[in-house]
Amino acid sequence: MSYQDATATLDLETREAIDIDRSKGDFTFPERNKFDAGRGLTDKTVDYICDVKNDPDWVREFRHKALKVFRDKPMPTNWATKDLENIDFDVIRYYLSDGEKPKRSWADVPADVLETFERLGIPQQERAFLAGVEAQFDSEAAYSNVKEELTKQGVIFCNSTEGLKEHEAIFRPWFGKVIPTGDNKFSALNSAVFSGGSFIYIPKGVKLKQPLQAYFRINSENFGQFERTLIIADEGSEVMYMEGCTAPKFETATLHSAVVELVALKGAKIQYVTVQNWSSNVFNLVTKRGLAMEDAEVRWIDCNIGSRLTMKYPGVIMKGERARGEVISIALANTGQHQDTGAKMIHAANNTTSNVVSKSISVGEGRSTYRGQVFIPKHLKGCRNNTECDALLINSNSRTDTYPAITVKGNRHATQHEASVSQVSEDMLFYMQQRGLNQGQAMSLAVNGFINDLVREFPMEYSVELKRLIDLEMEGSVG
Amino acid sequence: MSLHIQDLHATLEDGTEILKGVTLDIPQGEVHAIMGPNGSGKSTLSKVIAGNEGYVVTAGTVTLDGAEIFGMSTDERSRAGIFLAFQYPSEVPGVSNANFIRAALQARLPKGVDIDAVAYYKNLYAKMDLLEMDRKFTARAVNEGFSGGEKKRNEILQMMMLEPKYCILDETDSGLDIDALKIVAKGVNAMRSPERGMLLITHYQRLLDYIKPDHVHVMAEGRIVRSGGPELAHELEKYGYDFLKEAAFA
Amino acid sequence: MTTTAPQTPAIFPAWFAARQHEAWERYLATPAPKRGDETWRFSNLKQLDFAGFVRGADVSPTQAADLISRSSGLENTVAKFVFVNDELAHSESKLPKGVICLPLAEALVSHSDLVAAHFMQQETRLGSAKFAALHEASVSNGLFIHIGDNVEIEGTIEVHHWISGSNVLIFPHTLVVTGKNSKVRVIDIFRSADDISPGVAIAFNDLSAGPNSQLDYVAIQAFNEVTRVIQINETSTARDSSAKGFVLNTGASWARNESLSRLEGAGSRSDMLSVSVPAREQEYDQRTFQHHVSEGAYSDLLYKNSLYDNSKTIFSGLIFVDRNAHHTDAYQTCRNLLMSDTCEANSMPGLEINADQVKCSHGSTSSQIHDEEIFYLRARGIDPVSARQLIARGFSVQVVERLGDDATEELILQFIDDKFAHIDTTDP
């Protein structure tokens, strides 16, 4: 039996355990924040966050410098959508927490927060197939735990605050090095007000069999979530990290602006899986980049569903010989949504290889955009890039754009880029409907067929969830 | 109990009339064949019955065991028991045959009831064996990269799996070599039953050597111009369609 | 030159003087391209400083005669024009009735309304709006071709544009309008009188294909390697028409090509073709736009660059499908053949699709000649240098062949071969 058939049977068994859908995420609990930085962003906001978190001086300095960079940098509307101008930085709340430390046991997590994550299925998933979980509620982690045997092997999995304080010797040399503060306006914003996110260190030669997972939950209106994740995989180690995100549907816009830095040292392998299911008023402006040293591999496996605007271009800097970088991305843009995603592949050593496969689906009045950058400098040899981007349009009001940029210097390299746009044709729909499927089912099947080869790249538990999310989106969009 | 077509008129979206009053009754247990030259409206008839939105019904009715079907969507008609084997089956990229047929079967079950996977595969493999199809076929995407013969066999397989009340086979013989035709005919003949009505649409008499019809109709310029027994097909083979056209206007 | 308003000759019609005046104001008001402009991404903006270049340098009669004799192209032409520094030096024509083919300076006087109806009607949107305005304000000559309904021209109209003298600036202009069911082919050939005098050309060609007509246009840019060029092409296609545009770049130190096709009629087709063979320090900067306005139209772009030495290319192409342009077929391919380890190829193929039932794809590749290919030729007794040249030539020929006219293809290949002859190909 093929893999597909296996997932189809597993669907029934695992459905309970991994039941996350849009409607499931659409609930909220009353706020009971002990610490609230208030609205708007000034030097005082930054100091407030530093004080609450009891940041060391070097972090305070880092944040203030970043705030200046954020203020000085213009919005990138010379190439990006003007919708960015609708973000009102003065009404956003930059830090909210109940002042509790992350708990090691779900039993110690406050009842409303526990209920939130239970409704999202996190504790069940942890029992089923995860090596460790961190669950963030607004600005801070409410729960953080990793299997004991991993701790014994020296694996560190905690939030960024704990990382920079308890593990400064490992944390600090890489922090802000893969993505400098000034990389873009939103990386600067994150650097000024970051809170939460994961710090992970995998010691030499340790290969995690089960994934680590983080879950990011926005509970409060007008809140800005700015988690900061740093993953360091030491020589020859392997880790898969998965993140999920949801927010309830508020009347007003919410901002999520994360920075994620990955460091894969010699021969290490990091896979970073995202299944994002934001409600459609979230601005999701995320900077993600990995550094791959000699023989190392960084893979971004990314699924973007929901949000008002997502701008996300995961990248890999291949700094060591034979390093590999990969971005596998699925984006679904429904009415009122703009998925502006892509990939950056920077080849900085000989015989490095990168691969980008992006598939986008535009439904109703949704818009998807692919932006890519591939750079192969002079005096290198044997670098290869392959980029494929395919777009599926479901309705005449939807829109898709593709803007890759490929620079190759020297003749000892090979790059290729292909893109296509297609539709679910009337003939195909009629054919499927003649077999008894209604329009929504037929659309879902066509869409799942379109992304099927990429869905297989996700861990099985996630691929099932992903198909269900897409079914939900499609059912709501037809008829 | 029958699939009954009464004085059916249909046009293209631009108003061109293709069906100009077709009346036909296909009772359960019978196999009917419609023959006719290209452009006579045979394929249109099958698409209109299935509910293709490219055509506008301007007059007439089609009833399925007494129930009017024009208020029903394509998929509702399918679930009510009408099956169309397409002349040009569509490709569905990325969706495997096994999942596609399973989804179609699932659509026929009440909410909350799931298909028994083991029984499903057992049934599927048995039907595939009958049609001499390779097991690898289940994992291939629907019709993608299929030869003409494979596509037609796949249509028959779907028909056998969905067990419709009425089957319409649109030019299922076109593009088949004799061996493939025999296999397809074997599948169709296995489906013949006192509870099932069939309509074969074909340009050539050849198919009818392998699937013996109870009645043969000739269609020309949007109407049934003659009906008779199996011998009518042989007459057509002998004299060609021109003689019938004359008969139509005689 | 670029700081004082050009004077429109009094003989030209008032509308034209007004357009030139307005264009000059627009030129002054339009900011120069700057870093961060998407339409100039990867571009070398230093190339845009044209200070010190002047127009209308005098040409001696002997010099003119020399250039006329060097204006070789096709063996047979149906009409031939030679411009030196934008002045008409020679013309000959066997064109039939129903065709207006005149120097722009003449046509502006004799066919003022017709020129007014077609002169620079599209908005320049690929980045060079400022230079298009400068061109419009400054243009004083060029060629105006109007093919009447149902007139099919067998043969080719050939136009030579020379730059003669040092620090000379020219504004070549070619305007071709085809009527219903007509057919024409036009070739522009751009060259410098010598190899050492720097020049600047800001050229414009405007092609308007009428219903069911066939318009083929070829530009051969073979200036010396101390000359800079901005070449703007704008094509529009009416119902069922076919426009083919081909650009060959072998010359210039820096060339910017902007090519825009507007598919305005159902059933129309635009083929956008280009071959470039940059070597040494040459830089070619190509921007293209396939704008599907009408439904049911077809566009196909194929650009091929063979890069030698320290040369650099930029290809930025966009397929843009308007909201109602359903059933569009649009294709875009850019292929870079990297012939040295110090060349640089940038590709930015783009798609913006707003309509339904479209078939669009783009592809771009950058690679070197594969060892197996060389090996295959060597196994047939061909030395590696010749083998590489043969393969590189074949790479270009695939585009040239799309023109479907033997004589034109031969002429283009002569220029390509001449370029190959001036490239040091010994270093693999």
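The values are calculated or read from the model by the stated rules, or taken from the named source; none is laboratory data. What you are looking at is a predicted structure, and each value in this text was computed from that prediction instead of being measured. Don't worry about glycine lacking a Cβ; one is built from the backbone with ideal geometry, like all the others, and counts go over all protein chains shown.
Assorted remarks:
- Whichever residue in segment B:219-234 is among the charged types (D, E, K, R) and outside any loop (DSSP other than H, G, I, E, B) and, among such residues, is farthest from the chain's Cα centre (by Cα): B:E231
- Of all residues in segment A:169-211, those satisfying the criterion of being in contact (Cβ under 8 Å) with a residue 12 or more places away in the chain, part of a helix (DSSP H, G or I), more than 19 Å from A:K312 (Cα to Cα) and not β-branched (V, I, T) are A:F171, A:R172, A:W174, A:A192.
- Residues of segment C:16-57 classified as within 30 Å of A:F375 (Cα to Cα) and either of a type in the set (S, T, Y) or surrounded by 14 or more Cβ atoms within 10 Å (Cβ to Cβ) (or both), total: 9
- The residues in segment B:192-238 that are touching a helix residue (DSSP H, G or I) at 6+ places or on another chain (Cβ under 6 Å) and under 20 Å from B:L157 (Cβ atoms) can be counted, and the count is 3.
- So C:P13, is it surrounded by 14 or more Cβ atoms within 10 Å (Cβ to Cβ) and either of a type in the set (G, A, S) or in contact with a helix residue (DSSP H, G or I) (Cβ under 8 Å, 6 or more places away or on another chain) (or both): yes
- Checklist (1) over 18 Å from B:K165 (Cβ atoms); (2) within 14 Å of chain A (Cβ to nearest Cβ); (3) at pLDDT 90 or above applied to B:A50, failing item: (1)
- Meets criteria (of a type outside the set (D, E, K, R), within 22 Å of A:F27 (Cβ to Cβ) and modelled with pLDDT under 90) for A:W106: yes
- Count - residues of segment C:130-157 that are on the phi > 0 side of the Ramachandran plot and either surrounded by fewer than 22 Cβ atoms within 10 Å (Cβ to Cβ) or part of a strand (DSSP E or B) (or both): 2
- Residue check, B:Q158 more than 26 Å from B:G175 (Cβ to Cβ) and at the interface with chain A (Cβ under 10 Å from one of its Cβ atoms): no
- Condition met for C:L88 (within 22 Å of the chain's Cα centre (by Cα) and not β-branched (V, I, T)): yes
- Answer from A:V455, A:V424, A:V478 - the residue that is modelled with pLDDT of 85 or more and more than 9 Å from chain B (Cβ to nearest Cβ): A:V455
- Considering only residues in segment C:334-344 that are under 20 Å from the mean Cα position of the chain (by Cα) and surrounded by 24 or more Cβ atoms within 10 Å (Cβ to Cβ), the one that is farthest from the other protein chains (Cβ to nearest Cβ) turns out to be C:C334.
- Test: residue in segment C:245-257 that is surrounded by fewer than 24 Cβ atoms within 10 Å (Cβ to Cβ), of a type in the set (A, V, I, L, M, F, W, C) and closer than 30 Å to C:D149 by Cα: yes
- Among the candidates A:F186, A:F199, A:F194, the residue that is in contact with a Cys (Cβ under 7 Å, 6 or more places away or on another chain), more than 17 Å from A:R299 (Cβ to Cβ) and at pLDDT 95 or above is uniquely A:F199.
- Single condition A:E473 does not satisfy, out of (1) acidic (D, E); (2) within 12 Å of another protein chain (Cβ to nearest Cβ); (3) touching a residue at least 40 places away in the same chain (Cβ under 8 Å): (2)
- Test: A:L230 is crowded, with 24+ Cβ neighbours inside 10 Å and at pLDDT 90 or above: yes
- Per-region count, segment C:130-146, residues within 16 Å of the chain's Cα centre (by Cα) and among the aliphatic types (A, V, I, L, M): 2
- Subset of segment B:78-99 that is within 7 Å of another protein chain (Cβ to nearest Cβ) and assigned to a helix (DSSP H, G or I) - its residue that is surrounded by the fewest Cβ atoms within 10 Å (Cβ to Cβ): B:R79
- Elements of the type helices (runs of 4 or more DSSP H) sitting completely within segment B:108-218 and holding at least 3 residues that are on the phi < 0 side of the Ramachandran plot and either exposed (fewer than 14 other Cβ atoms within 10 Å of the Cβ) or of a type in the set (F, W, Y) (or both): these cover B:117-130, B:178-191.
- Leading residue by the ranking (nearest to C:I391 (Cα to Cα)) among those in segment C:321-331 that are within 9 Å of chain A (Cβ to nearest Cβ) and either surrounded by fewer than 24 Cβ atoms within 10 Å (Cβ to Cβ) or among the polar types (S, T, N, Q) (or both): C:H326
- Any hit, segment B:12-29, residues being assigned to a helix (DSSP H, G or I), more than 14 Å from every other protein chain (Cβ to nearest Cβ) and crowded, with 23+ Cβ neighbours inside 10 Å: no
- Residue count for segment A:391-408, restricted to those that are facing another protein chain (nearest Cβ under 9 Å) and in a strand (DSSP E or B): 12.
- Within segment A:433-447, restricting attention to residues that are facing another protein chain (nearest Cβ under 7 Å) and part of a helix (DSSP H, G or I), the residue that is surrounded by the most Cβ atoms within 10 Å (Cβ to Cβ) is A:Q434.
- Screening C:E295 with (1) under 20 Å from C:A355 (Cα atoms); (2) crowded, with 22+ Cβ neighbours inside 10 Å; (3) touching a residue at least 60 places away in the same chain (Cβ under 8 Å); (4) not β-branched (V, I, T) gives one miss only, at (2).
- If you go through segment A:280-304 and keep only what is farther than 25 Å from A:K177 by Cα, buried (at least 24 other Cβ atoms within 10 Å of the Cβ) and out of contact with any Cys (no Cβ under 9 Å at 6 or more places or on another chain), you end up with A:C303, A:N304.
- For segment C:323-357, residues that are in contact with an Asp or Glu (Cβ under 9 Å, 6 or more places away or on another chain) and within 20 Å of C:S294 (Cβ to Cβ) total 15.
- Per-region count, segment C:361-382, residues within 13 Å of another protein chain (Cβ to nearest Cβ), out of contact with any strand residue (DSSP E or B) (no Cβ under 6 Å at 6 or more places or on another chain) and outside any helix (DSSP H, G or I): 2
- Filter result for the condition that a residue is touching a residue at least 60 places away in the same chain (Cβ under 8 Å), out of contact with any helix residue (DSSP H, G or I) (no Cβ under 9 Å at 6 or more places or on another chain) and surrounded by fewer than 21 Cβ atoms within 10 Å (Cβ to Cβ), over A:D138, A:D112: A:D112
- Some residue of segment A:146-161 being in a helix (DSSP H, G or I) and touching a Phe, Trp or Tyr at 6+ places or on another chain (Cβ under 6 Å): yes
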